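Student: Structure incoming, see below.
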Amino acid sequence: MSKGSDKQSGKNAKPAPKGEAQPMNADAMAFLERYLNNASPTGYESSGQKLWMEYLRPYVDEFITDTYGTAVGVINPDADYKVVIEGHADEISWYVNYITDSGLIYVVRNGGSDHQIAPSKRVNIHTDDGIVPGVFGWPAIHTRRQGPQEKPPELDNIFIDVGASSKDEVEALGVHVGCVITYPDEFMVLNGDKLVCRAIDNRIGGFMIAEVARLLKARGKTLDFGLYIVNAVQEEVGLRGAQMIAERLDPNVAIVTDVSHDTSTPMIEQKREGANKIGDGPVICYAPAIQNKLRERLIATAKAQNIPFQRLPRSRATGTDTDAFAYSNSGVASALISLPLRYMHTTVEMVHKQDVEHVIELIYHTLLDIKSGETFSYFE
(Lines give C-alpha, C1' and ligand atoms only; values in the text may rest on other atoms or scores of the structure.)
Protein backbone atom coordinates (compact mmCIF):
# COMPACT_ATOMS: atom_id res chain seq x y z
CA MET A 1 0.00 0.00 0.00
CA SER A 2 1.59 3.26 -1.11
CA LYS A 3 1.50 6.40 0.99
CA GLY A 4 3.07 9.83 0.69
CA SER A 5 6.10 8.69 2.70
CA ASP A 6 7.04 5.75 4.86
CA LYS A 7 6.33 7.79 7.99
CA GLN A 8 2.95 9.21 7.02
CA SER A 9 -0.19 7.94 8.70
CA GLY A 10 -3.58 9.27 9.61
CA LYS A 11 -2.44 9.72 13.21
CA ASN A 12 0.30 12.25 12.44
CA ALA A 13 -1.32 14.07 9.55
CA LYS A 14 -1.00 17.82 9.91
CA PRO A 15 -4.06 19.28 11.68
CA ALA A 16 -5.67 22.50 10.56
CA PRO A 17 -4.03 25.58 12.16
CA LYS A 18 -5.47 26.55 15.51
CA GLY A 19 -8.62 28.60 15.14
CA GLU A 20 -9.43 27.37 11.62
CA ALA A 21 -12.74 25.72 10.85
CA GLN A 22 -12.48 21.94 10.89
CA PRO A 23 -13.91 19.45 8.41
CA MET A 24 -17.00 17.63 9.65
CA ASN A 25 -18.12 19.77 12.57
CA ALA A 26 -21.39 18.97 14.37
CA ASP A 27 -23.53 20.80 11.81
CA ALA A 28 -21.77 19.01 8.96
CA MET A 29 -22.31 15.61 10.58
CA ALA A 30 -25.98 16.39 11.10
CA PHE A 31 -26.30 17.33 7.43
CA LEU A 32 -24.46 14.19 6.33
CA GLU A 33 -26.85 11.98 8.29
CA ARG A 34 -29.91 13.78 6.90
CA TYR A 35 -28.47 13.69 3.36
CA LEU A 36 -27.62 9.97 3.45
CA ASN A 37 -30.93 8.95 4.98
CA ASN A 38 -32.85 10.66 2.18
CA ALA A 39 -33.47 8.35 -0.79
CA SER A 40 -32.18 9.68 -4.12
CA PRO A 41 -32.16 6.81 -6.62
CA THR A 42 -30.76 7.24 -10.10
CA GLY A 43 -33.17 9.38 -12.11
CA TYR A 44 -34.93 10.60 -8.95
CA GLU A 45 -32.21 12.66 -7.28
CA SER A 46 -34.10 15.95 -6.89
CA SER A 47 -35.05 15.62 -3.21
CA GLY A 48 -31.45 14.99 -2.23
CA GLN A 49 -30.24 17.78 -4.49
CA LYS A 50 -32.54 20.22 -2.71
CA LEU A 51 -31.09 19.21 0.66
CA TRP A 52 -27.58 19.60 -0.73
CA MET A 53 -28.28 23.03 -2.21
CA GLU A 54 -29.86 24.22 1.04
CA TYR A 55 -26.69 23.26 2.93
CA LEU A 56 -24.35 24.74 0.32
CA ARG A 57 -26.25 28.01 -0.20
CA PRO A 58 -24.34 30.17 2.37
CA TYR A 59 -21.00 29.26 0.77
CA VAL A 60 -21.59 29.97 -2.94
CA ASP A 61 -22.57 32.91 -5.11
CA GLU A 62 -25.15 31.18 -7.30
CA PHE A 63 -26.50 27.85 -8.48
CA ILE A 64 -26.79 26.22 -11.89
CA THR A 65 -29.15 23.29 -12.48
CA ASP A 66 -29.94 21.31 -15.59
CA THR A 67 -32.89 19.44 -17.05
CA TYR A 68 -32.01 16.09 -15.49
CA GLY A 69 -31.20 17.39 -12.01
CA THR A 70 -27.46 17.99 -11.76
CA ALA A 71 -26.82 20.85 -9.33
CA VAL A 72 -23.81 23.18 -9.35
CA GLY A 73 -22.83 25.73 -6.71
CA VAL A 74 -20.64 28.46 -8.17
CA ILE A 75 -18.06 30.72 -6.52
CA ASN A 76 -16.78 33.61 -8.69
CA PRO A 77 -19.18 32.94 -11.59
CA ASP A 78 -17.76 35.81 -13.71
CA ALA A 79 -14.24 34.36 -13.88
CA ASP A 80 -13.10 32.99 -17.24
CA TYR A 81 -10.96 30.19 -15.80
CA LYS A 82 -13.13 27.39 -14.38
CA VAL A 83 -12.25 24.65 -11.92
CA VAL A 84 -14.71 21.85 -11.11
CA ILE A 85 -14.82 19.74 -7.97
CA GLU A 86 -17.34 16.96 -8.41
CA GLY A 87 -19.19 14.06 -6.83
CA HIS A 88 -22.32 12.19 -7.90
CA ALA A 89 -25.68 12.29 -6.17
CA ASP A 90 -27.47 9.09 -7.17
CA GLU A 91 -27.80 5.74 -5.44
CA ILE A 92 -28.52 2.33 -6.91
CA SER A 93 -32.08 1.01 -6.69
CA TRP A 94 -34.65 -1.26 -8.33
CA TYR A 95 -37.69 -0.85 -10.57
CA VAL A 96 -40.96 -2.77 -10.34
CA ASN A 97 -40.87 -4.91 -13.47
CA TYR A 98 -43.73 -7.41 -13.13
CA ILE A 99 -46.60 -8.04 -10.71
CA THR A 100 -47.91 -11.60 -10.47
CA ASP A 101 -51.59 -12.51 -10.17
CA SER A 102 -50.88 -13.54 -6.56
CA GLY A 103 -49.46 -10.09 -5.72
CA LEU A 104 -45.70 -10.70 -5.74
CA ILE A 105 -43.38 -8.23 -7.43
CA TYR A 106 -40.38 -8.98 -9.65
CA VAL A 107 -37.75 -6.33 -10.28
CA VAL A 108 -35.05 -5.04 -12.62
CA ARG A 109 -31.99 -3.05 -11.67
CA ASN A 110 -31.66 0.71 -11.71
CA GLY A 111 -27.87 0.84 -11.62
CA GLY A 112 -25.67 -1.92 -10.24
CA SER A 113 -27.93 -3.29 -7.50
CA ASP A 114 -26.70 -6.57 -6.02
CA HIS A 115 -29.27 -9.37 -6.23
CA GLN A 116 -27.37 -11.51 -3.73
CA ILE A 117 -27.97 -9.15 -0.80
CA ALA A 118 -31.68 -8.70 -1.54
CA PRO A 119 -33.34 -11.68 0.23
CA SER A 120 -34.88 -10.67 3.60
CA LYS A 121 -34.19 -6.96 3.04
CA ARG A 122 -36.91 -4.40 3.74
CA VAL A 123 -37.72 -2.02 0.88
CA ASN A 124 -39.54 1.22 0.17
CA ILE A 125 -41.56 1.35 -3.04
CA HIS A 126 -41.96 4.96 -4.15
CA THR A 127 -45.43 5.73 -5.51
CA ASP A 128 -47.40 8.86 -6.35
CA ASP A 129 -49.24 8.36 -3.04
CA GLY A 130 -46.10 7.94 -0.94
CA ILE A 131 -43.99 5.05 0.30
CA VAL A 132 -45.34 1.50 0.21
CA PRO A 133 -43.20 -0.78 2.43
CA GLY A 134 -42.32 -4.30 1.43
CA VAL A 135 -39.76 -7.06 1.85
CA PHE A 136 -37.65 -9.17 -0.45
CA GLY A 137 -38.99 -12.61 0.46
CA TRP A 138 -36.96 -15.81 0.43
CA PRO A 139 -37.86 -19.45 1.13
CA ALA A 140 -37.03 -20.71 4.62
CA ILE A 141 -33.88 -22.78 4.97
CA HIS A 142 -36.03 -25.82 5.84
CA THR A 143 -37.62 -25.76 2.38
CA ARG A 144 -34.50 -25.22 0.26
CA ARG A 145 -32.84 -28.61 0.64
CA GLN A 146 -33.25 -29.73 -2.95
CA GLY A 147 -30.01 -31.61 -3.61
CA PRO A 148 -26.36 -30.81 -2.96
CA GLN A 149 -26.50 -27.38 -4.63
CA GLU A 150 -28.79 -24.76 -3.13
CA LYS A 151 -30.16 -22.34 -5.71
CA PRO A 152 -28.63 -18.93 -4.93
CA PRO A 153 -30.43 -15.59 -5.24
CA GLU A 154 -30.64 -14.60 -8.91
CA LEU A 155 -32.16 -11.62 -10.65
CA ASP A 156 -35.00 -13.81 -11.92
CA ASN A 157 -35.92 -15.43 -8.60
CA ILE A 158 -35.84 -12.59 -6.07
CA PHE A 159 -39.22 -11.02 -5.42
CA ILE A 160 -40.92 -8.43 -3.23
CA ASP A 161 -43.90 -9.11 -0.97
CA VAL A 162 -45.99 -6.10 0.12
CA GLY A 163 -48.51 -8.20 2.03
CA ALA A 164 -51.02 -8.29 -0.82
CA SER A 165 -52.79 -11.38 -2.13
CA SER A 166 -53.48 -10.24 -5.69
CA LYS A 167 -52.26 -7.96 -8.45
CA ASP A 168 -55.35 -5.79 -7.98
CA GLU A 169 -54.52 -5.36 -4.31
CA VAL A 170 -50.93 -4.32 -5.15
CA GLU A 171 -52.14 -1.79 -7.69
CA ALA A 172 -54.70 -0.44 -5.21
CA LEU A 173 -51.73 0.51 -3.02
CA GLY A 174 -50.46 2.72 -5.85
CA VAL A 175 -47.74 0.32 -6.98
CA HIS A 176 -47.33 -0.08 -10.72
CA VAL A 177 -44.70 -1.25 -13.17
CA GLY A 178 -41.95 1.39 -13.23
CA CYS A 179 -42.13 2.40 -9.55
CA VAL A 180 -38.63 2.84 -8.14
CA ILE A 181 -37.58 0.85 -5.06
CA THR A 182 -34.96 1.74 -2.43
CA TYR A 183 -33.69 0.28 0.82
CA PRO A 184 -34.61 2.16 4.02
CA ASP A 185 -31.34 1.41 5.88
CA GLU A 186 -30.15 4.53 7.72
CA PHE A 187 -26.90 6.11 8.88
CA MET A 188 -24.96 4.84 11.87
CA VAL A 189 -21.47 5.17 13.34
CA LEU A 190 -19.47 2.09 14.34
CA ASN A 191 -16.69 2.18 16.91
CA GLY A 192 -16.61 5.97 16.97
CA ASP A 193 -15.13 6.65 13.52
CA LYS A 194 -16.63 4.29 10.90
CA LEU A 195 -19.55 5.81 8.99
CA VAL A 196 -22.06 3.25 7.69
CA CYS A 197 -25.08 3.63 5.41
CA ARG A 198 -26.50 2.73 2.03
CA ALA A 199 -25.75 5.39 -0.63
CA ILE A 200 -22.39 6.45 0.76
CA ASP A 201 -21.51 5.68 -2.88
CA ASN A 202 -21.44 8.48 -3.64
CA ARG A 203 -23.42 11.03 -1.67
CA ILE A 204 -20.35 11.18 0.52
CA GLY A 205 -18.72 12.82 -2.53
CA GLY A 206 -21.38 15.52 -2.64
CA PHE A 207 -20.88 16.02 1.08
CA MET A 208 -17.09 16.33 0.77
CA ILE A 209 -17.18 18.94 -2.00
CA ALA A 210 -19.77 20.92 -0.05
CA GLU A 211 -17.42 20.87 2.93
CA VAL A 212 -14.62 22.25 0.75
CA ALA A 213 -16.86 25.22 -0.06
CA ARG A 214 -17.69 25.66 3.61
CA LEU A 215 -14.01 25.66 4.59
CA LEU A 216 -13.12 28.22 1.92
CA LYS A 217 -15.73 30.54 3.39
CA ALA A 218 -14.97 29.80 7.04
CA ARG A 219 -11.22 30.22 6.59
CA GLY A 220 -11.60 33.41 4.58
CA LYS A 221 -9.92 32.13 1.42
CA THR A 222 -10.50 33.70 -2.00
CA LEU A 223 -9.77 32.10 -5.35
CA ASP A 224 -8.67 33.82 -8.55
CA PHE A 225 -10.79 31.49 -10.69
CA GLY A 226 -14.38 30.29 -10.85
CA LEU A 227 -15.07 27.26 -8.68
CA TYR A 228 -17.91 24.98 -9.81
CA ILE A 229 -19.05 22.56 -7.11
CA VAL A 230 -20.83 19.89 -9.15
CA ASN A 231 -23.20 17.26 -7.77
CA ALA A 232 -23.98 15.19 -10.85
CA VAL A 233 -26.86 12.79 -11.44
CA GLN A 234 -27.03 9.36 -13.10
CA GLU A 235 -23.43 8.23 -12.58
CA GLU A 236 -24.59 4.72 -11.72
CA VAL A 237 -25.99 4.18 -15.21
CA GLY A 238 -23.04 5.43 -17.24
CA LEU A 239 -21.78 8.86 -16.08
CA ARG A 240 -24.73 10.53 -17.81
CA GLY A 241 -25.12 13.59 -15.62
CA ALA A 242 -21.41 14.37 -15.73
CA GLN A 243 -21.41 14.10 -19.51
CA MET A 244 -24.16 16.68 -19.79
CA ILE A 245 -22.77 19.18 -17.30
CA ALA A 246 -19.17 18.87 -18.51
CA GLU A 247 -20.22 19.94 -21.99
CA ARG A 248 -22.26 22.81 -20.60
CA LEU A 249 -19.60 24.17 -18.23
CA ASP A 250 -16.55 23.44 -20.42
CA PRO A 251 -14.15 23.80 -17.46
CA ASN A 252 -10.36 24.02 -17.52
CA VAL A 253 -9.77 21.62 -14.62
CA ALA A 254 -11.84 18.91 -12.91
CA ILE A 255 -11.08 17.20 -9.60
CA VAL A 256 -13.53 14.35 -9.15
CA THR A 257 -14.18 12.36 -5.99
CA ASP A 258 -15.84 8.97 -5.77
CA VAL A 259 -15.37 5.79 -3.76
CA SER A 260 -13.04 2.85 -4.35
CA HIS A 261 -12.75 -0.59 -2.80
CA ASP A 262 -11.20 -1.41 0.54
CA THR A 263 -9.57 -4.69 -0.44
CA SER A 264 -8.48 -5.79 3.03
CA THR A 265 -11.63 -7.76 3.83
CA PRO A 266 -12.14 -11.48 2.98
CA MET A 267 -12.87 -12.84 -0.51
CA ILE A 268 -11.06 -10.05 -2.41
CA GLU A 269 -7.96 -10.85 -4.46
CA GLN A 270 -5.47 -8.02 -3.93
CA LYS A 271 -3.29 -9.14 -6.83
CA ARG A 272 -6.22 -8.22 -9.06
CA GLU A 273 -7.94 -5.41 -7.14
CA GLY A 274 -4.93 -3.68 -5.55
CA ALA A 275 -4.18 -3.12 -1.86
CA ASN A 276 -6.16 -0.25 -0.32
CA LYS A 277 -7.74 0.08 3.10
CA ILE A 278 -10.07 2.40 4.99
CA GLY A 279 -8.19 4.57 7.47
CA ASP A 280 -5.05 4.76 5.34
CA GLY A 281 -6.00 7.93 3.49
CA PRO A 282 -7.47 9.06 0.16
CA VAL A 283 -6.76 6.96 -2.93
CA ILE A 284 -5.15 8.82 -5.85
CA CYS A 285 -5.89 7.20 -9.18
CA TYR A 286 -3.68 6.44 -12.18
CA ALA A 287 -5.42 5.90 -15.54
CA PRO A 288 -5.34 7.21 -19.12
CA ALA A 289 -8.14 9.68 -18.28
CA ILE A 290 -6.05 11.13 -15.44
CA GLN A 291 -4.00 14.19 -16.41
CA ASN A 292 -0.59 13.34 -15.01
CA LYS A 293 0.51 16.85 -14.04
CA LEU A 294 -2.73 17.46 -12.17
CA ARG A 295 -2.37 14.12 -10.40
CA GLU A 296 1.18 15.03 -9.39
CA ARG A 297 -0.17 18.31 -8.02
CA LEU A 298 -2.48 16.30 -5.77
CA ILE A 299 0.41 14.15 -4.60
CA ALA A 300 2.65 17.15 -3.96
CA THR A 301 -0.14 18.80 -1.98
CA ALA A 302 -0.74 15.66 0.08
CA LYS A 303 2.95 15.45 0.94
CA ALA A 304 3.18 19.17 1.77
CA GLN A 305 0.18 18.91 4.10
CA ASN A 306 1.17 15.53 5.60
CA ILE A 307 -2.06 13.99 4.31
CA PRO A 308 -1.70 10.20 4.01
CA PHE A 309 -2.65 8.77 0.65
CA GLN A 310 -2.79 5.54 -1.30
CA ARG A 311 -2.46 4.81 -5.01
CA LEU A 312 -4.57 2.79 -7.42
CA PRO A 313 -4.18 2.14 -11.17
CA ARG A 314 -7.23 1.60 -13.37
CA SER A 315 -7.03 -0.09 -16.75
CA ARG A 316 -8.49 1.82 -19.71
CA ALA A 317 -11.01 3.89 -17.68
CA THR A 318 -11.61 4.96 -14.10
CA GLY A 319 -15.29 4.00 -14.28
CA THR A 320 -16.15 7.30 -12.61
CA ASP A 321 -17.31 10.75 -13.69
CA THR A 322 -13.63 11.58 -14.21
CA ASP A 323 -13.88 9.90 -17.62
CA ALA A 324 -16.80 12.10 -18.64
CA PHE A 325 -14.94 15.30 -17.78
CA ALA A 326 -11.60 14.20 -19.20
CA TYR A 327 -13.04 13.37 -22.61
CA SER A 328 -15.61 16.15 -22.92
CA ASN A 329 -15.32 18.87 -25.55
CA SER A 330 -11.61 19.38 -26.30
CA GLY A 331 -10.50 17.57 -23.14
CA VAL A 332 -10.39 18.74 -19.53
CA ALA A 333 -7.39 18.26 -17.22
CA SER A 334 -8.95 15.79 -14.78
CA ALA A 335 -7.93 13.83 -11.69
CA LEU A 336 -9.64 11.45 -9.31
CA ILE A 337 -9.45 11.28 -5.53
CA SER A 338 -11.24 8.18 -4.27
CA LEU A 339 -12.46 7.45 -0.77
CA PRO A 340 -11.76 3.85 0.28
CA LEU A 341 -14.99 2.06 1.12
CA ARG A 342 -15.99 -1.38 2.34
CA TYR A 343 -18.98 -3.35 1.04
CA MET A 344 -19.79 -1.23 -2.03
CA HIS A 345 -23.34 -1.49 -3.41
CA THR A 346 -24.66 -3.00 -0.20
CA THR A 347 -26.76 -1.37 2.52
CA VAL A 348 -23.78 -1.29 4.93
CA GLU A 349 -21.23 0.68 2.94
CA MET A 350 -18.49 1.75 5.36
CA VAL A 351 -15.87 4.53 5.31
CA HIS A 352 -13.47 5.94 7.86
CA LYS A 353 -14.28 9.41 9.16
CA GLN A 354 -10.62 10.42 9.07
CA ASP A 355 -10.37 9.49 5.37
CA VAL A 356 -13.37 11.72 4.67
CA GLU A 357 -11.67 14.62 6.45
CA HIS A 358 -8.43 14.00 4.55
CA VAL A 359 -10.19 14.05 1.18
CA ILE A 360 -11.79 17.37 2.09
CA GLU A 361 -8.44 18.86 3.14
CA LEU A 362 -6.65 17.49 0.06
CA ILE A 363 -9.15 19.09 -2.32
CA TYR A 364 -9.16 22.33 -0.31
CA HIS A 365 -5.37 22.72 -0.28
CA THR A 366 -5.04 21.72 -3.93
CA LEU A 367 -7.49 24.46 -4.90
CA LEU A 368 -5.37 27.00 -3.04
CA ASP A 369 -2.37 25.91 -5.13
CA ILE A 370 -4.09 26.21 -8.54
CA LYS A 371 -3.63 29.50 -10.37
CA SER A 372 -5.93 30.96 -13.00
CA GLY A 373 -4.61 30.28 -16.48
CA GLU A 374 -2.76 27.04 -15.73
CA THR A 375 -2.97 24.64 -18.65
CA PHE A 376 -1.22 21.63 -17.08
CA SER A 377 0.24 21.12 -20.57
CA TYR A 378 2.89 18.46 -21.05
CA PHE A 379 4.61 20.77 -23.51
CA GLU A 380 5.32 23.78 -21.32
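Student: For the list (1) out of contact with any His (no Cβ under 6 Å at 6 or more places or on another chain); (2) charged (D, E, K, R); (3) touching a residue at least 60 places away in the same chain (Cβ under 8 Å), I need the number of the one condition that Glu235 fails.
Tutor: (1)
Student: In addition: What are the residues in segment 193-228 that are polar (S, T, N, Q) and more than 19 Å from the chain's Cα centre (by Cα), if any?
Tutor: Thr222
Student: Which pairs have Cβ atoms under 6 Å, sit 6 or more apart or on different chains, and link a residue in segment 194-211 that is in contact (Cβ under 8 Å) with a residue 12 or more places away in the chain to one that is in a helix (DSSP H, G or I) and of a type in the set (Lys, Arg)?
Tutor: Between residues of segment 194-211 that are in contact (Cβ under 8 Å) with a residue 12 or more places away in the chain and residues that are in a helix (DSSP H, G or I) and of a type in the set (Lys, Arg), the close pairs are Leu195/Lys353.
Student: Which of the helices (runs of 4 or more DSSP H) found entirely inside segment 194-302 contain at least 1 residues meeting this: surrounded by 24 or more Cβ atoms within 10 Å (Cβ to Cβ) and at pLDDT 95 or above?
Tutor: Output list reads 200-218, 240-249.
Student: Could you grab me the full set of residues in segment 36-89 that are within 25 Å of His126 (Cβ to Cβ), of a type in the set (Asp, Glu) and buried (at least 22 other Cβ atoms within 10 Å of the Cβ)?
Tutor: Glu45
Student: Sticking with this structure for a sec: If you go through segment 370-378 one residue at a time, do you hit one that is on the phi > 0 side of the Ramachandran plot, aromatic (Phe, Trp, Tyr) and either in contact (Cβ under 8 Å) with a residue 40 or more places away in the chain or assigned to a loop (DSSP other than H, G, I, E, B) (or both)?
Tutor: Yes, segment 370-378 has at least one match.
Student: Let me confirm something: among Ile92, Ile117, which residue is farther than 18 Å from Val170 by Cβ, of a type outside the set (Gly, Ala, Ser) and buried (at least 22 other Cβ atoms within 10 Å of the Cβ)?
Tutor: Just a single option satisfies the conditions, and that option is Ile92.
Student: Let me ask something else. Can you find a residue in segment 156-167 that is in a helix (DSSP H, G or I), more than 29 Å from Gly48 (Cα to Cα) and at pLDDT 95 or above?
Tutor: The answer is yes; a qualifying residue exists.
The values are calculated or read from the model by the stated rules, or taken from the named source; none is laboratory data. Quantities reported herein were computed from a predicted structural model and do not represent experimental measurements. Cβ atoms come from the backbone with ideal geometry, glycine included; neighbour counts cover every protein chain shown.
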